[in-house]
Structures are given as C-alpha cells and as structure tokens.
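A short write-up of the structure that comes next.
Read-outs throughout are calculated quantities, based only on the coordinates presented, and are distinct from any laboratory measurement. Quick caveat: nothing in here was measured; it's all calculated off a predicted structure. A quick note on method: Cβ atoms are made from the backbone with ideal geometry, for glycine too, and the neighbour counts reach across all protein chains shown.
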Amino acid sequence: MKKKKNNIKVVELFAGVGGFRIGLEGVSDAFQTIWNNQWEPSTQHQDASLVYTARFGAKGHSNKDINLVPTSDIPDHDLLVGGFPCQDYSVAATLSKSGGIEGKKGVLWWQIYRILLEKGDKRPKYVFFENVDRLINSPATQRGRDFAIILASLSDLGYIVEWRVINAADYGMPQRRRRTYFVGYLNDSAIAGKVKEMSDWTLFDGVLAKAFPFTKKEGTLSEFDIVGSIQEVSANFNKGKKDSPFGNAGLMMNRHIYSVDAEPVYDGTRQTLGGNLVDEEFVPEEFFISDEELPKWQYEKGAKKINRVSKEGYEYVFSEGGMAFPDYLDRPSRTMITGEGGTAPSRFKHVVQTPSGRYRRLIPIELERLNMFPDNHTLHPEVSDGRRAFLMGNALVCGIVEQIGKSLYRFIFDKEPVSTHPIHLQRDAKPMLDLDLFRNDEKTILINRIKKQYSLDKTKHLLIGLVKPDNQKYFLDIEPTKIYYTGKTRTFPSTIALNKLYYFMPYIKGKGVKDLYLIRIARIGNKAEIHPESNDEEPRLVFELEYLESLPEYIPIHLNYLRTYSDTVLGKVFK
C-alpha cells in the first residue's frame with residue numbers, strides 16, 4: 001500500500017509579492033499554494049501581481065478585486081492565509097436569512113468572512129492571518145472592538161483562534177516590525193483536538209508559544225467572554241473603557257478569551273541592518289545623497305518645533321523628536337514603510353553611512369533582505385525601484401511566517417517538516433522565466449552574504465561529520481541553512497552525547513574542515529523526506545544547521561569514529 005503523502009492545500013489572499021508563500025514553502029513542500037489573489041485598488045499598474053506571477057507562475061493566480069470574485073471560483077483548500085488591510089471593521093447591516101454580516105463597503109475582512117461562510121462544510125481546517133500591531137487596541141474610541149469582531153465572527157464559524165503580537169527583531173530577524181499574527185483551527189481539526197487547558201496552550205504548548213517562546217508579564221492576565229451578536233459586539237464591546245482587554249498573546253475558544261502580555265525569550269543569532277547591506281561598490285550612484293541635498297535630510301531627521309495655524313484659525317506648535325541619522329548599523333532596522341522609495345528627503349526613509357563616509361538610501365535588494373525575501377525577488381523590468389520599495393513596505397517578514405508554519409506542520413502531522421525551498425532561495429516561474437533579462441550584467445551583488453551577530457563559545461561541543469562525494473557540492477555552496485543526514489542510526493557512535501552537541505563542521509575529503517554551523521535542531525529522520533524517489537526510510541540522525549562563518553583556509557582533521565565523525569570542542573579547531 002502506498003504511503004499517504006502529507007499535503008496542505010493553501011489559498012493566499014492579499015498575496016502581495018508572496019511573503020506567505022515563501023515562508024510556508026520554506027517550511028515544507030507539503031504547503032502547496034493552489035490559488036492566490038492580489039489586487040491593488042486605484043491603480044492600473046499591478047506591480048505586485050506582475051512580480052508574483054514572474055516568480056511563481058500564472059497558474060492559480062487571480063488579479064481581480066476580491067469583492068468581485070465568487071466563492072465558487074476559489075478551490076477548496078486546507079489553509080487560508082493573508083495579510084488583510086487594517087480598516088474600520090464595524091458592522092453596517094445584517095444579511096437577511098443567512099445569519100451573516102456585512103461590514104462597510106470595501107472592508108476586506110468581510111470578504112474573508114464571506115469566503116469562509118460560503119464554503120460551508122468545506123471551509124478550510126486552518127486559517128493564518130497577519131495585521132498591524134494596533135489591531136488589538138483599535139479603534140481609539142472603543143478599544144479592542146475590531147479584534148473582538150474578528151474573533152467572534154471566527155468563533156461563530158467554528159474556529160478556535162490564538163494570537164500574538166510579534167516584533168521580528170525580538171527573535172533575531174533584521175527589522176523592528178511589530179505585527180499581529182493569528183491562527184485558527186476548526187473544532188474538528190487535528191490541532192483543535194490537542195487544546196486542553198487554555199492557559200497551558202497559550203503560555204507553553206500552543207502553536208505560537210512553540211514557534212516564539214515567551215514569559216508572561218505579571219499582572220496582565222485577562223479572561224472574559226465576547227457576548228452578543230456581531231452587531232451587538234460592534235456597538236457595545238468595551239464601550240467607555242480606556243484600555244483594550246486584549247493582551248498581546250491569547251487564545252479564544254467558544255468566544256471565551258484568555259490573554260496575557262508576552263515578553264519574548266530568544267538566545268539565537270541576530271541580524272542587523274548593517275549585516276544586510278551590500279558592498280558600497282555595488283550601489284548605483286543615484287542612491288547616494290549629494291552634499292547639496294544632505295542638509296535637507298538632516299533637517300527632516302532632526303528635532304523641530306514649528307508654529308502652525310489650524311483650519312479653524314487656532315495657533316499651535318507642531319513638534320517632533322529627532323531620529324538617528326544615519327541609521328544604526330549594529331541594530332535591526334527601523335520599521336520599513338511604503339514611502340521608503342524615491343529620492344526626496346524624508347524623516348522615515350533609511351539612510352546609512354558607507355565606509356567611505358558617504359550617505360545613501362537603501363537599494364531594493366537590501367529592503368528585500370530586511371523582510372527576509374530572496375535577493376532580487378521584486379526585480380522586474382516593468383517595476384521601478386520606487387515601486388519595489390513600496391512592495392516591501394507592504395510586505396511581511398517571511399521568517400515569522402516560516403516559524404509559525406513549522407509549528408503548524410508539527411501539530412498537524414506530528415513530525416518535523418522538510419523543505420527543498422528554504423526562504424532565501426529564489427523562486428522561478430514555471431514555465432521557466434529567463435531571469436537574465438532582469439539582471440544588471442555589470443556586477444552581481446549576490447556575493448554579499450548576510451552577516452549575523454553572535455558570540456562563539458569555544459567550550460561548546462563540536463561535531464565534525466564526513467560529507468560523502470555526492471553531497472559535497474551542496475556543502476561547498478555556502479547558504480544560510482543546511483540539512484546534514486548522518487549514516488544509519490545504528491552506525492552513529494553511541495559515545496557521542498547528542499544533548500551536548502552545539503556546533504557542526506562538514507568534513508570535505510581531501511580538504512578538511514572550514515565552514516562552521518550552529519546546530520538548530522537534532523532529530524531522527526530519513527533521506528526519503530527530501531528524496532522520496534530513494535525509498536530510503538532507514539532511520540538516521542538529522543541535523544538542521546545555520547551557517548555562522550568560515551575559517552580562512554581548510555584545516556585537516558583526523559576523524560575518530562569509523563573515519564566518519566569526530567566529537568570535540570570548538571576551541572580545539574578555532575585555537
């Protein structure tokens with residue numbers, strides 16, 4: 001009997017240039033985007049749609065206003081994802097007989113609701129959405145109402161929902177970008193059946209707690225029920241209260257809310273703005289700020305107090321504080337906005353100082369890196385640099401989606417995911433697009449690798465493992481992540497304590513060791529995970545690795561165990 005293949009059919013709404021897709025494909029090949037929709041209102045030039053189809057192909061792509069797309073045109077799927085716009089979610093009217101709701105015209109949350117409602121018993125088992133961090137506090141006149149409407153409407157459709165407000169930089173990613181992420185599970189889904197105690201799921205055991213560990217901030221527990229029809233929630237929820245009852249982490253079951261404020265816990269590598277910049281020689285001249293323009297930038301970035309007069313004739317003083325100029329290179333970047341592109345001086349655009357002392361704006365490839373997209377993902381002959389910046393200002397951080405996607409996969413299938421498309425890997429459309437048309441032939445900037453911040457502990461244990469000849473090319477090509485499969489578990493030395501291993505160096509026969517990796521995950525797996533045609537399901541140890549750095553030259557090492565492995569400490573090799 002043929003083994004059933006794990007498969008999660010995904011529909012991506014408000015797809016942009018494919019951030020959800022890149023993140024999920026980076027988790028596992030099981031996530032298959034079968035249909036997607038991207039429509040930019042009030043513009044004839046659909047830049048995001050152009051980029052999306054160039055990178056992923058036109059199959060299953062819809063470039064049409066989602067308000068006009070019948071639910072019957074959207075194929076049945078397992079997971080619905082999307083970063084929908086932040087708007088006023090208040091309810092305008094009741095739909096007769098259906099029991100559904102209708103919000104203000106153009107409010108896209110109600111299109112998500114409409115699709116889920118009309119799918120009926122074929123609605124997806126799982127949903128995964130992203131929005132701005134202020135969602136849990138909006139609107140200012142009725143704190144938390146918008147989020148309460150969303151949670152109540154999902155609950156009425158049969159979903160359990162958990163949420164977190166996550167700052168990507170708190171977990172080692174290169175941008176200070178705070179967003180609300182929430183995932184939902186139908187009551188009859190594999191994940192819903194695993195939820196027992198709401199507090200345990202929120203704090204320790206749930207999908208988001210496993211993806212992004214945290215500690216509970218004392219004195220922030222909030223428990224309550226969202227009561228009444230959606231119209232009543234819209235009219236009355238938290239009316240007259242100063243603060244939102246929602247913490248930045250929580251769970252909803254049957255309209256009952258358990259929430260706290262989360263303080264992130266993370267001890268891994270960290271990325272910075274400076275670590276994602278390309279070498280100065282690759283930056284086009286138009287991105288440098290001239291001596292004549294520099295004072296205008298300094299003014300925009302500086303503190304100021306300006307006397308102004310309102311439309312009603314009242315005089316007042318407009319004031320704002322100063323900003324770092326240039327931007328700090330040893331920290332994650334500030335939050336990128338849609339106005340990042342263009343040459344006009346701006347308070348909000350990033351400006352960096354180069355080693356030569358010149359000031360410059362960020363080029364598109366750097367903006368892509370700050371959102372953890374593949375290099376040149378938005379490069380397209382019909383999309384200007386300014387629009388590429390706009391697309392990244394609208395995008396999410398792919399690394400957040402990847403970590404949540406991994407956690408979802410583990411809970412659904414009770415196994416570790418494997419992908420042949422890590423998030424840094426460039427996607428090519430099928431049929432294959434000739435990307436040479438998009439490139440600048442003068443210089444390639446792909447050699448500028450991203451650098452991370454970390455400290456080496458030379459007392460930590462290091463595993464050195466032989467790389468077989470057919471896998472040497474894979475390890476000689478330095479990429480941010482690798483997977484190393486050992487020989488069969490019965491041949492792995494029993495004297496090596498797996499819980500002590502921290503670093504890994506691949507041994508290239510005839511050369512020795514040079515490249516250093518951090519062991520992120522050590523688990524049991526098999527080669528059929530990534531090469532199903534091999535039918536090799538013999539248990540092996542699997543190390544999921546994160547590249548750190550390389551020695552200047554290869555160092556010959558004696559392999560102690562079966563001429564295949566050595567277990568030592570990092571200081572021995574890095575002495």
Assuming a ≥ b ≥ c are the square roots of the Cα gyration tensor eigenvalues, decide whether region 108-150 counts as rounded (a/c under 1.5), prolate (otherwise, with a/b larger than b/c) or oblate. prolate
For the pair GLU281 and ARG134, how long in nm is the line joining their label points, each one 7 Å along Cα→Cβ? 4.5
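Suppose we keep just the DSSP beta bridges with both residues in region 8-264; what percent of those would be antiparallel, to 5? Don't skip to the end; give the middle numbers.
Details: 35 of 51 bridges.
Here the share of antiparallel DSSP bridges comes out near 70 percent.
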Cβ density ranking, 10 Å radius, fewest first, applied to GLU544, GLU232 yields GLU232, GLU544
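Would you mind calculating the gained length between CYS86 and ASP428 on full extension (0.36 nm times residue separation, minus the Cα-Cα distance), in nm to one decimal? Please report the intermediate quantities before stating the final value.
Numbers: separation 342, 0.36 × 342 = 123.12 nm, distance 3.09 nm.
Taking 0.36 nm per residue and subtracting the Cα distance, the gain is 120.0 nm.
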Using each residue's phi in region 238-243, evaluate 6.51 cos²θ - 1.76 cosθ + 1.60 at θ = phi - 60° and report the 3J(HN,Hα) Karplus result to the nearest Hz, with x for Gly and Pro. 6, 5, x, 8, 7, 10
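Relative contact order for the chain: what is it in percent, counting Cα pairs under 8 Å that are at least 6 residues apart?
Details: 1127 pairs, mean separation 76.6, N = 575.
Once divided by the residue count of the chain, the mean separation gives 13 percent.
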Cut-off is 10 Å between beta-carbons; in what order do CYS86, CYS398 appear when sorted fewest neighbours first? CYS86, CYS398
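Grab the DSSP H runs of the chain that are 4 residues or longer, score each as -39,500 (n - 2.57), total them, divide by all residues and round the 222 nm result to the nearest 500 deg cm²/dmol. Could you put the intermediate results ahead of the total?
On the way: 12 runs with 101 residues, N = 575.
Rounded to the nearest 500, the figure is -5000 deg cm²/dmol.
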For GLU416, distant residues with modelled amide H under 5 Å away: none
Distance in nm between GLN298 and ALA528 label points, each 7 Å along Cα→Cβ, equals 6.8
State the label only: which of (i) 40, 33, 24; (ii) 36, 34, 25; (iii) 37, 33, 21 corresponds to semi-axes √(5λ) of the Cα gyration tensor in Å computed from the shown model? (i)
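For each pair in LYS196/LYS241; LYS59/LYS125; LYS473/LYS500; LYS415/LYS451; LYS511/LYS575; LYS473/LYS527, compute the distance between the two Cα atoms and list the pairs where it is over 21 Å. Could the numbers behind the result be given before it?
Working: LYS196/LYS241 31 Å; LYS59/LYS125 24 Å; LYS473/LYS500 28 Å; LYS415/LYS451 31 Å; LYS511/LYS575 19 Å; LYS473/LYS527 17 Å.
In this structure, LYS196/LYS241; LYS59/LYS125; LYS473/LYS500; LYS415/LYS451 lie more than 21 Å apart at Cα.
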Work out the FRET efficiency for ASN187 and ASN6 from their Cβ-Cβ distance, taking R0 = 25 Å, and round it to the nearest 0.05. 0.70
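What's the ranking of 532-543, 375-386, 515-526 by average number of surrounding C-beta atoms within 10 Å, highest first?
Values: 532-543: 14.7, 375-386: 18.8, 515-526: 17.2.
Ranking the peptides 532-543, 375-386, 515-526 by packing returns 375-386, 515-526, 532-543.
Once R0 is set to 25 Å, what does the formula 1/(1 + (r/R0)^6) return for the Cβ-Cβ distance between PHE318 and TYR266, expressed as a FRET efficiency to the nearest 0.05? Walk me through the intermediate numbers first.
On the way: r = 38 Å, r/R0 = 1.53.
Computed FRET efficiency for PHE318 and TYR266: 0.05.
Have a look at the DSSP beta bridges in the chain and tell me what percent are antiparallel, nearest 5.
Values: 74 of 98 bridges.
Around 75 percent antiparallel, to the nearest 5.
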Region 221-341: C-alpha gyration tensor shape, a/c 1.5 cut-off, then a/b vs b/c: oblate
For region 285-324 and region 210-260, compute the distance between their C-alpha centroids and round to whole Å. 39
Place a point 7 Å from Cα of THR141 in the direction of its Cβ. Which residues in region 220-264 have their backbone N less than 18 Å from it? 231-244
Sticking with the crude label model, points 7 Å out along Cα→Cβ, report the distance from ASP73 to SER550 in nm, one decimal please. 4.9
Distance between the C-alpha centers of region 165-180 and region 386-425? Whole Å please. 14
Put +1 on the Cβ of each Lys and Arg and -1 on the Cβ of each Asp and Glu in the chain; which of VAL127, PRO480, LEU203 then has its Cα farthest toward the positive end of the dipole? LEU203
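Among MET253, MET173, MET372, which comes first, second and so on when ranked by fewest other beta-carbon atoms within 10 Å? Before the final figure, lay out each step's value.
Working: MET253 18, MET173 23, MET372 28.
By the 10 Å Cβ count, ascending, the order reads MET253, MET173, MET372.
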Show me, for region 410-415, the HN-Hα J-couplings you get by feeding each phi into the Karplus relation (A = 6.51, B = -1.76, C = 1.60, θ = phi - 60°), rounded to Hz, glycine and proline as x. 4, 6, 6, 10, 6, 8
Which lysines does LYS64 reach when only Cα atoms under 18 Å apart count, and residues fewer than 8 places away in its own chain are ignored? LYS105
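Calculate the FRET efficiency for SER42 and THR343 from the Cβ-Cβ distance with a Förster distance of 25 Å, rounded to the nearest 0.05.
Working: r = 24 Å, r/R0 = 0.95.
Result of the calculation: an efficiency of 0.55.
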